[in-house]
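Notes for the one structure printed next.
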Amino acid sequence: MDFGLSAEQEMIVDTVRAFVETEIYPHEKEVERTGIVPPELGREIQRKCIDLGFYACNFPEEIGGAGLDHLTFTLVERELGRGSLGLTVFFGRPSGILMACEGEQRQRYLLPAVRGEKIDALAITEPDAGSDMRGMKCAARRDGGDFVLNGTKHFISHADVADFVIVFAATGEEETPKGVKKKITAFLVDRGTPGFDILKGYDSVSHRGYHNSTLSFENCRIPEAQVLGEVHRGFDIANQWLYGTRLTVAATCVGRARRVFDLALPYAAERKQFGKPIGANQGVSFKLADMITEIDAADWLTLAAAWQVDAGRPADRQIASAKLYASEMLARVTDEAIQIFGGMGLMDDLPLARFWRDARVERIWDGTSEIQRHIISRDLLRPLGA
């Protein structure tokens with residue numbers, strides 16, 4: 001096994017880290033204070049990312065992306081995780097599910113998204129359907145050559161800045177071994193489509209500046225040409241691409257944890273109490289030892305899962321393990337870092353309280369910790385007939 005990075009990967013890591021430190025860090029405190037990313041700042045970050053050649057780096061070169069493999073793209077996401085999500089969203093990583101676009105859809109949605117001319121958002125979650133995707137109530141019925149969509153989506157990330165939304169809706173029912181389940185279809189829906197409204201979402205304690213929205217569909221007419229993939233096969237499309245978002249969560253959690261550790265370590269070495277650095281006390285030094293061990297473990301688990309995908313091997317369990325462990329690790333590391341800083345750790349002068357709050361949502365979105373444990377245990381037990 002080779003645990004080293006290639007020269008190209010090292011260069012990519014250094015370039016993205018420098019971008020985050022110079023283009024993202026200086027704006028974080030203001031975004032945290034206001035909860036807003038000014039549109040002109042978002043466009044500036046996007047333009048600089050395009051100039052750098054990293055926009056849509058998760059897409060193949062033949063359609064204008066950088067063509068990074070999953071491992072290298074995971075390294076990019078790890079470095080972006082060091083910065084405020086409200087700002088790094090403009091670094092530009094369109095949803096991989098857009099690779100399912102065909103025909104005219106490629107010119108209208110896929111290629112503009114890759115070029116940075118349009119921003120997409122993914123709409124799955126509903127008020128009564130979170131982890132249970134097949135329980136969604138948002139439904140689309142056929143009407144001639146169109147579908148008419150009705151229902152509500154919520155917790156839809158960055159829909160407020162999106163030009164179009166990939167919406168999943170029930171389009172029928174089918175019998176399964178576990179009873180009647182909804183058939184799901186994915187649709188490409190443009191902002192401004194009659195009957196489609198993007199509403200302000202909830203105020204969140206996590207990731208200020210990175211907004212969630214509520215989407216309302218009332219007799220929203222969508223041409224069949226805007227079905228993404230096949231009718232009734234949206235669930236398959238979602239499962240095919242969700243691994244990418246879970247790897248992203250794991251990687252960004254590792255990056256954020258390393259930034260937290262980089263604050264805690266020198267503080268423990270410099271801060272003196274009772275005539276010596278607090279890091280000289282096992283009560284603090286052992287915390288640091290546990291923190292770096294967990295960070296490294298999450299890092300290798302995440303990179304190993306990405307390598308597994310690149311190798312063409314089944315990786316559902318490995319990805320679930322990485323997402324589960326990295327998200328829970330981040331919660332522990334941020335909490336311990338605040339403990340090392342004491343009262344100052346909770347003051348707005350430092351970003352630790354922000355990281356602490358941001359960490360909480362990572363165990364929920366893109367599949368809760370409980371869902372990840374279900375995936376892992378099912379993978380272990382199913383071959384044994386259990």
For volume of the Cα convex hull per residue in Å³, one of (i) 154; (ii) 134; (iii) 273 was computed from the structure I shared and the rest are decoys. Which label? (i)
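Taking the Cα centre as origin and putting +1 on Lys and Arg beta-carbons and -1 on Asp and Glu beta-carbons, what dipole magnitude results for region 175-255, to the nearest 20 debye? Provide the component values of the computation, followed by the final result.
On the way: 10 positive and 8 negative charges, 50 e Å.
About 240 debye.
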Taking Cα centroids, how far is region 29-44 from region 231-301 in Å? 25 Å
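Tally up the carbon and sulfur contribution to the accessible surface of the chain as a whole percent, 1.4 Å probe, everything protein left in place. Write out the running numbers ahead of the final one.
Values: 9710 of 18380 Å².
Here carbon and sulfur together make up 53 percent of the probe-accessible area.
What 222 nm value per residue comes from the helices of the chain, counting each DSSP H run with n ≥ 4 as -39,500 (n - 2.57) and dividing by all residues, nearest 500 deg cm²/dmol? Write out the running numbers ahead of the final one.
Values: 11 runs with 172 residues, N = 386.
Mean residue ellipticity, 222 nm, calculated: -14500 deg cm²/dmol.
When DSSP beta bridges are limited to those with both residues in region 180-329, what percentage is antiparallel, rounded to the nearest 5?
On the way: 9 of 10 bridges.
If we restrict to bridges inside region 180-329, about 90 percent are antiparallel.
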Sorted largest first, the C-alpha extents of region 198-272 along its principal axes in whole angstrom are 67, 29, 14
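Going down the list Lys153/Lys182; Lys153/Lys181; Lys137/Lys323; Lys48/Lys118; Lys178/Lys323, which pairs span over 24 Å between their C-alpha atoms?
Details: Lys153/Lys182 16 Å; Lys153/Lys181 19 Å; Lys137/Lys323 28 Å; Lys48/Lys118 16 Å; Lys178/Lys323 27 Å.
Those over the limit are Lys137/Lys323; Lys178/Lys323.
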Which residue, chosen from Leu71, Ala7, Leu87, occupies the Cα position most advanced towards the positive end of the dipole of region 1-147, where the dipole is computed from +1 (Lys, Arg) and -1 (Asp, Glu) charges on Cβ about the Cα centre? Leu87
Can you work out the accessible area per residue across the chain, with the rest of the protein chains kept in place, probe 1.4 Å, in square angstrom? 48 Å²
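The values are calculated or read from the model by the stated rules, or taken from the named source; none is laboratory data. None of these values were measured; they are calculated from a predicted model. Glycine gets a Cβ as well: all are built from the backbone with ideal geometry, and neighbour counts include every protein chain shown. Note: accessible area is taken over every heavy atom of the protein model, side chains too, but ligands, DNA and RNA are not part of it. Shrake-Rupley method; radii C 1.70, N 1.55, O 1.52, S 1.80 Å.
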